[in-house]
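K.L.:
Structure below; questions to follow.
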Amino acid sequence: MTCVVSYGVEGATLEHIAAAAGLKRPLIRHHLGNRKAMVLALGNHIAETLTTQSEALRLALADHPGVRSLIEALFNSEGELDPRINICYQSLVNSVEIYPELRQPLLDSMDVFYKVAMDIVFASHPKADRQACEIVAHGIVNLYITTDAFIPLKPPKTWAYSSYFAALKLAETLESKP
């Protein structure tokens, strides 16, 4: 994951991986297989991790439902969520043409994330229009993912704060509906 975050999927060579792990290249290849096998294994790991994190989010918020709780959990996790997951996810998405086997697991895992967010939003606004809830949930998830995607740029903290407050403002649109 660290090499994909630093170099992208295609730039995460066996040499980079071996250097980061402090091992010899042949040892990496022996234990992890060829490049395609490593990329597919990483893709499956990222998809499984995203799905697991999404379900954990659902469970964590079961006793504290609400859109604000969802936003707080995503944007104020203080190191509990590994930003490399979202960065690797984006890199792997950009490699789907080369590794088409990744498409379905990545799509399925993001679908779970969106559905968890939609369920939380709808549960806290049961009288709101279902489509409006879906739009708000997608917006919150996309703001969160985009915030993590910018981490390698080392952007000003105001960007993360702005994404957080944009998510809150988006959530407020449901509260203003009758």
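The values are calculated or read from the model by the stated rules, or taken from the named source; none is laboratory data. Just so you know, these numbers come straight off a predicted model, no measurement behind them. Note that we place each Cβ from the backbone using ideal geometry, even for glycine, and neighbour counts take in every protein chain shown.
K.L.:
Restricting the search to segment 76-104, which residues are among the β-branched types (Val, Ile, Thr) and modelled with pLDDT under 90?
P.N.:
Once the filter is applied, which keeps residues that are among the β-branched types (Val, Ile, Thr) and modelled with pLDDT under 90, segment 76-104 yields Ile85, Ile87.
K.L.:
May I pose another question? Evaluate the following for Ser6: is it touching a helix residue (DSSP H, G or I) at 6+ places or on another chain (Cβ under 9 Å), modelled with pLDDT under 85, of a type in the set (S, T, N, Q) and in a helix (DSSP H, G or I)?
P.N.:
Here the answer is yes, as Ser6 does meet what is asked.
K.L.:
Could you check, for segment 148-170, whether at least one of its residues is under 18 Å from Tyr114 (Cα atoms) and modelled with pLDDT under 90?
P.N.:
Yes, the conditions are met somewhere in segment 148-170.
K.L.:
What helices (runs of 4 or more DSSP H), lying completely within segment 62-178, carry at least 2 residues that are crowded, with 17+ Cβ neighbours inside 10 Å, in contact with a Ser or Thr (Cβ under 7 Å, 6 or more places away or on another chain) and among the aliphatic types (A, V, I, L, M)?
P.N.:
The qualifying helices (runs of 4 or more DSSP H) are 103-124, 130-149.
K.L.:
Out of all the residues in segment 39-61, which are surrounded by fewer than 19 Cβ atoms within 10 Å (Cβ to Cβ), free of Cβ contacts under 8 Å to residues at least 60 places away in the same chain and of a type in the set (A, V, I, L, M)?
P.N.:
Within segment 39-61, Ala41, Ala56, Leu59, Ala60 qualify.
K.L.:
OK, next. Just need a number here: residues in segment 25-58 that are modelled with pLDDT under 85 and of a type in the set (Lys, Arg).
P.N.:
3
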